[in-house]
1. G67 passes all but one of (1) among the small types (G, A, S); (2) open to solvent by 30 Å² or more (accessible area, probe 1.4 Å); (3) under 17 Å from the mean Cα position of the chain (by Cα); which number fails?
2. For region 40-64, what are the residues that are open to solvent by 10 Å² or more (accessible area, probe 1.4 Å) and assigned to a helix (DSSP H, G or I)?
3. Within region 271-286, can one find any residue that is closer than 30 Å to N167 by Cα, small (G, A, S) and more than 20 Å from the chain's Cα centre (by Cα)?
4. For region 209-260: of the residues being hydroxyl-bearing (S, T, Y) and open to solvent by less than 40 Å² (accessible area, probe 1.4 Å), which is farthest from T68 (Cα to Cα)?
5. Check off (1) open to solvent by 40 Å² or more (accessible area, probe 1.4 Å); (2) closer than 28 Å to A91 by Cβ for H271 and give me the number that stays unchecked.
6. Please pick out the residue among S131, S120, S116 that is farther than 17 Å from L196 by Cα, out of contact with any Leu (no Cβ under 6 Å at 6 or more places or on another chain) and either surrounded by 19 or more Cβ atoms within 10 Å (Cβ to Cβ) or β-branched (V, I, T) (or both).
7. What are the residues in region 168-207 that are open to solvent by 50 Å² or more (accessible area, probe 1.4 Å) and under 25 Å from K229 (Cα atoms), if any?
8. Could you please give the count of residues in region 120-139 that are out of contact with any strand residue (DSSP E or B) (no Cβ under 9 Å at 6 or more places or on another chain) and outside any helix (DSSP H, G or I)?
Amino acid sequence: MGLAVLPLLTEAFDQRYILSIATRVVIWSIAAVSLNMILGYGGMVSFGHAVFFGIGGYTVGILAHHGTNIGWIQWPLAVLAAAAWAAVVGALSLRTRGLYFIMITLAFAQLVFYVSAGLSEYGADDGLNISRSRFPGVIDLRDKSSFYWLCFALLCITLWFCHRFSNSRFGLVIRGAKSNDLRMTALGFPVFQYRLVAFVIAGAFGGLAGILLANEGAYISPAMMSWVKSGDLIVIVVLGGMGTLFGPLWGTIAFFVVEESLKPLMDLIGHGWGEYWQIVFGPMLVLIALYARGGIDSLLGRRRG
């Protein structure tokens, strides 16, 4: 409810910076929900999920760089590109398990990262300023409130889809395979195909988040898909509660609140110390892992109970 009325509150109190942070929270929540579909429900620990961020963003950015700014063209192509890359990565990585799966997803993500860093026409390491997507007569993405509402609506659609996904027959097979894939195979379910489809769906939603992130800052760079971003997404899902519908949303809110509050506090202690806010955040995450294994969602559940 708070997120729904946030633009009205920030406009009333002239706090546009908070709206900018909230927009990023909503976008990252979409990415975290998409990762939760495979990590939380399927037990697939992808350490390269941020690559879908980058593919979605770079598809929009490259098209804009060459004069194609129409969102009706950019956005479907970007989602298709992310889904296609997810199909390639999933077809190879899902044949492995455990540490090997983690390393292969990381390797593919690093491959795309270094390719993007070498694209001198598109800014290489420095990134590229882009013009925002245009939807003539429908919405102006330059208006921060309108853009926030769009992101919020897409987050609601993503959560609705995730709810249907987790409770469908398809989702139950994915969850069953997480517990015992041999048993699900023995029951006649083609577990590999199910997991591959789930991986592609998660990649498509990750691409959608990348599209929004590129439009939010009107900027793309290889940093969008670094392994650090993939690690942040895993932390967010674990922090909020894996395999829960709203856990990724709680995790993203907590992550950004801690980041935005710890940085200035540590800068007060010493100039530049704010860059190392993870030193404090790390032990906090360990405490949550030890005493609230279901993440923030489980803590809220206990309070509601």
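The values are calculated or read from the model by the stated rules, or taken from the named source; none is laboratory data. This structure is a prediction, so every number in the text was calculated from the model and none was measured. Neighbour counts run over all protein chains shown; Cβ positions are idealised from the backbone, glycine included. For the accessible areas, the whole protein counts, side chains as well, though only heavy atoms, and no ligand, DNA or RNA atoms are used. Shrake-Rupley method; radii C 1.70, N 1.55, O 1.52, S 1.80 Å.
1. Among (1) among the small types (G, A, S); (2) open to solvent by 30 Å² or more (accessible area, probe 1.4 Å); (3) under 17 Å from the mean Cα position of the chain (by Cα), G67 violates only (3).
2. Result: I55, Y58, T59, I62, L63, A64.
3. no
4. Selected residue: T244.
5. Tallying (1) open to solvent by 40 Å² or more (accessible area, probe 1.4 Å); (2) closer than 28 Å to A91 by Cβ, H271 fails exactly one: (2).
6. Just one listed residue meets the conditions, S116.
7. Across region 168-207, the qualifying residues are K178, V197.
8. 5
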